[in-house]
1. Between residues in the stretch 124-135 that are among the basic types (Lys, Arg) and residues that are part of a helix (DSSP H, G or I) and buried (at least 19 other Cβ atoms within 10 Å of the Cβ), which pairs lie under 7 Å by C-beta distance while being six or more apart or on different chains?
2. Filter the stretch 33-58 for residues that are assigned to a helix (DSSP H, G or I), touching a residue at least 12 places away in the same chain (Cβ under 8 Å) and either of a type in the set (Lys, Arg) or farther than 22 Å from residue 105 by Cα (or both) and give the result.
3. In contact (Cβ under 8 Å) with a residue 40 or more places away in the chain, closer than 12 Å to residue 136 by Cβ, hydrophobic (A, V, I, L, M, F, W, C) and assigned to a helix (DSSP H, G or I), is that true of residue 30?
4. Out of (1) in a helix (DSSP H, G or I); (2) surrounded by 19 or more Cβ atoms within 10 Å (Cβ to Cβ); (3) in contact with a Ser or Thr (Cβ under 9 Å, 6 or more places away or on another chain); (4) modelled with pLDDT under 95, the odd one out for residue 99 is which?
5. Would you check which residues across the stretch 85-118 are under 15 Å from residue 55 (Cα atoms) and either out of contact with any helix residue (DSSP H, G or I) (no Cβ under 8 Å at 6 or more places or on another chain) or aliphatic (A, V, I, L, M) (or both) and list them?
6. Answer yes if at least one residue in the stretch 60-79 is at pLDDT 95 or above, more than 16 Å from residue 103 (Cα to Cα) and touching a Lys or Arg at 6+ places or on another chain (Cβ under 7 Å), and no otherwise.
Amino acid sequence: MHFESWGLLGLFASAFISSTVAPGGSEAVLAYLVNQNQIPVVSLVAVATLGNTLGALTTWWLGLWAAAKYPADNLLAGERQRSLRAVRRWGSWALLFSWLPLVGDGLCFAAGWLRVSWISSLCAIFFGKVLRYIAVAYAFI
């Protein structure tokens, strides 16, 4: 397999994992690959955005799955209630901030739990994440 393929695959995996409940460092991987100047930046941003968006949608789906078994208000306390309040107040618009560390996972999970529209969630998640990756890539060009 060519280096470019491994780089893109590694970036996708890192971005996907970073956007689920597991910690990750997709920004560092993106910055490294941008500095290597072997893969077009547009391709790097696209792959990172795709992986991170799919990871966030996985977290959204986990929230939807959990909602079928557990009532949101009774199960979550304290910090996690903030995500529920934000999504209740702002709906899918809150997911523009799904790229934020720690907070973003909670927002995606809460949106699924509260059954926020899948398509509007996808759009908000994608838009927030693509802007974040463009900013990161631009900082390292």
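1. The qualifying pairs are 129/49; 129/52; 129/53.
2. 33, 34, 35, 36, 41, 43, 44, listed by residue number.
3. yes
4. (1)
5. Matches in the stretch 85-118: 95, 96, 100, 101, 102, 103, 107, 110, 111.
6. no
The values are calculated or read from the model by the stated rules, or taken from the named source; none is laboratory data. As the structure is a computational prediction, the values presented were derived from the model and not from experiment. So basically every Cβ, Gly included, is an ideal-geometry build from the backbone, and we count neighbours across all protein chains shown.
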